[in-house]
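Novice: My questions will all concern the structure given below.
Values in this text are rule-based calculations from the coordinates and carry no lab data. Not measured: the values here are computed from a predicted model. Here Cβ is always computed from backbone atoms with ideal geometry, including for glycine, and neighbour counts include all displayed protein chains.
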Amino acid sequence: MKISNRIVAFAKLGQQIEQLNNGTAESLLQNDFNDLLIKVEQFNPWFTQRYLHLAFENIIKMLDNSALESWVNNYSEYKFEDSNIRVGVIMAGNIPLVGFHDFLSVLISGKSFLGKLSSNDQFLLPYISKMLINIENKFDSKIKFAEHLMKDFDAVIATGSNNSSRYFDYYFGKYPHIIRSNRNAVAILTGKETDEQLEALGKDIFYYFGLGCRSVSKLMLPKDYSIPHLLDNLEKYNYVREHTKYLNNYEYNKSLLLINKEHHFDNGFLILRENGALASPISIINYEYYSDLDAEIRRFSMKNDDIQCVLSEVKEINNVVSLGESQSPTLMEYADNVDVISFINGLCE
């Protein structure tokens, strides 16, 4: 299968997903899709209808024909030829379809995909795979899912927690590999942001309930920053209170802070506390004050293995992401800044 045929197939997949996500597909297909989303949310309540549709919206953007062609054209040194190389992909399950970019990268490169699904996200990618095979049946021999990924692969891409990454490194270290562990996102505010930009920051905080590796868990704020003003601009996201699991986390964390008499800000569904840690529990955002913006620009322009991305309207920061854009990565925005296409196409038969 030529690279041009793969691009056409994935672009058609994007078009079909868009119809399903918009509710405009043929009735039988639409009913099947709607039933899938209901089943997924029943199985994993963190995967709400709202965020399932959001995940599909992001995939639709990735599968735009022009976006796919532009992505592939960045790699003129590679031929993207069909290959017998099998890439094992162990996927996380923190947000819906978090492993789709790896799935796409393996298949667009002409390699075979051997996937190990997370127990938290078992249904979505197999469903999409069947759609892709119906569009182009040559993918049938290129896609397999396995309960255990212990053999029959030539390289590994594994995503998990800090603990599981050590396990991955032990078992898969002898193979060509990409191993990813926990990361978070940081937002650097200057106090000059507009209300619209602060509202957009809410997407980076609340989308997927803050469970994504690109979710903001830490704020860097100038001294004398008005935190109540920030919280006022996040009010539109109060729908998270309607989610039982999120609300339970919020009330539990609030109780601990009150018992410990720890100073914090609280708007009824989000807690901000001054804390130096990067990671934070669900419903809590840590913040830290800074006095020298230039020093923060230098600090966060350096590579940091614990940070997935930095969000800010300060454009001098290397690889900065605009507020509100963390959950909509482009095809060229690779997890952990490790270029998966270069990794896959650098593998030898």
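Novice: What's the local net charge at MET220, with K and R +1, D and E -1, over the other residues with C-beta under 10 Å away?
Specialist: Its environment carries a net charge of 0.
Novice: Tell me which aspartates and glutamates have Cα within less than 17 Å of LYS261's Cα, excluding those fewer than 8 residues away on the same chain?
Specialist: Within the straight-line cut-off, LYS261 pairs with GLU251, GLU274.
Novice: At 7 Å along Cα-to-Cβ for each site, give me the label-to-label distance between ASP232 and HIS148 in nm.
Specialist: The modelled label-to-label distance comes out at 5.9 nm.
Novice: Return the equivalent ellipsoid semi-axes of segment 29-69 as a descending list in whole Å, where each equals the square root of 5 times an eigenvalue of the C-alpha gyration tensor.
Specialist: The equivalent ellipsoid of segment 29-69 has semi-axes of 24, 12, 6 Å.
Novice: For TYR287, list long-range residues whose amide hydrogen, built 1.01 Å from N in the peptide plane, is under 5 Å from its own amide hydrogen.
Specialist: LEU219, ARG273, GLU274, ASN275
Novice: Now a separate question. Find, to one decimal place in angstroms, the Kirkwood hydrodynamic radius of the chain, where the mean of 1/r is taken over every pair of different Cα atoms and then inverted.
Specialist: Kirkwood radius, the chain: 21.5 Å.
Novice: Could you name the lysines whose alpha carbon sits less than 30 Å from that of LYS2, not counting residues in the same chain fewer than 8 places away?
Specialist: LYS12, LYS61, LYS79, LYS111, LYS116, LYS130, LYS138, LYS142, LYS144, LYS151
Novice: Of ILE38, PHE153, ASN345, which is farthest towards the positive pole of the chain's charge dipole, taken about the Cα centre with +1 and -1 on the beta-carbons of Lys, Arg and Asp, Glu respectively?
Specialist: Farthest towards the positive end: PHE153.
Novice: Give me, ordered by chain and number, the residues 5 or more places off PHE145 or on other chains with an amide H under 5 Å from its own placed amide H.
Specialist: Placed amide hydrogens put GLY115 under 5 Å from PHE145.
Novice: Could you state the per residue volume, in Å³, of the convex hull enclosing the Cα atoms of segment 184-312?
Specialist: 98
Novice: So, one more: Viscosity 1.567 mPa s, temperature 4 °C: give me the Stokes-Einstein translational D for segment 274-324 in µm²/s, with Rh taken as the Kirkwood radius over C-alpha pairs.
Specialist: 106
Novice: I want the local charge near ALA295. Using Cβ-Cβ distances under 15 Å, sum +1 for each Lys or Arg and -1 for each Asp or Glu among the other residues.
Specialist: My count for the surroundings of ALA295 gives -2.
Novice: Continuing with the same structure: Between ASP195 and GLN42, how many nm apart are label points set 7 Å from Cα along the C-beta direction?
Specialist: Inter-label distance under the simple model: 4.3 nm.
Novice: Something else: Which percent of Cα-Cα pairs in segment 59-103 sits in each 5 Å bin, short to long?
Specialist: 5, 16, 18, 21, 23, 14, 3
Novice: Report the Cα centroid-to-centroid distance between segment 71-92 and segment 155-207 in angstrom, as an integer.
Specialist: That distance is 22 Å.
Novice: Further question: What dipole magnitude, in Debye to the nearest 20, does the chain give about its Cα centre under +1 on Lys/Arg Cβ and -1 on Asp/Glu Cβ?
Specialist: So the dipole magnitude of the chain works out to roughly 920 debye.
Novice: Which order do the peptides 300-306, 216-222 take when ranked by the mean count of other beta-carbon atoms within 10 Å per residue, highest first?
Specialist: Packing order, densest peptide first, comes out as 216-222, 300-306.
Novice: Could you work out the pair-distance distribution P(r) of segment 1-156 from its alpha-carbon pairs, with 10 angstrom bin width and percents rounded to whole numbers?
Specialist: The distribution over segment 1-156 is 10, 40, 37, 12, 1, given as percents.
Novice: May I pose another question? Based on DSSP H runs of at least 4 residues, each adding -39500 (n - 2.57), what is the mean residue ellipticity at 222 nm of the chain after dividing by all its residues, to the nearest 500 deg cm²/dmol?
Specialist: Calculated mean residue ellipticity at 222 nm is -12500 deg cm²/dmol.
Novice: Cα to Cα, under 16 Å, and not fewer than 8 places away if on the same chain: which lysines meet these conditions relative to LYS203?
Specialist: Within the straight-line limit of under 16 Å, LYS203 reaches these lysines: LYS218, LYS236.
Novice: Okay, next question. Could you give the dipole magnitude of segment 1-121 about its Cα centre, charging the beta-carbon of Lys and Arg +1 and that of Asp and Glu -1, in debye to the nearest 20?
Specialist: 280
Novice: Consider all pairwise Cα distances in segment 254-344 and report the whole-number % of them above 20 Å.
Specialist: 51
Novice: A follow-up question, please. Please state the equivalent ellipsoid semi-axes for segment 114-163: what are the square roots of 5 times the Cα gyration tensor eigenvalues, largest first, in whole Å?
Specialist: 22, 15, 8
Novice: Turning to a different aspect of this structure: Using Cα springs under 10 Å in a Gaussian network model of the chain, which residue among LEU258, LEU125, LEU278 shows the largest mean-square fluctuation?
Specialist: Ranking LEU258, LEU125, LEU278 by mean-square fluctuation puts LEU258 first.
Novice: Name the most mobile residue of ILE297, ILE285, ILE85, meaning the one with the largest mean-square fluctuation, in a Gaussian network model of the chain with Cα contacts below 10 Å.
Specialist: ILE297
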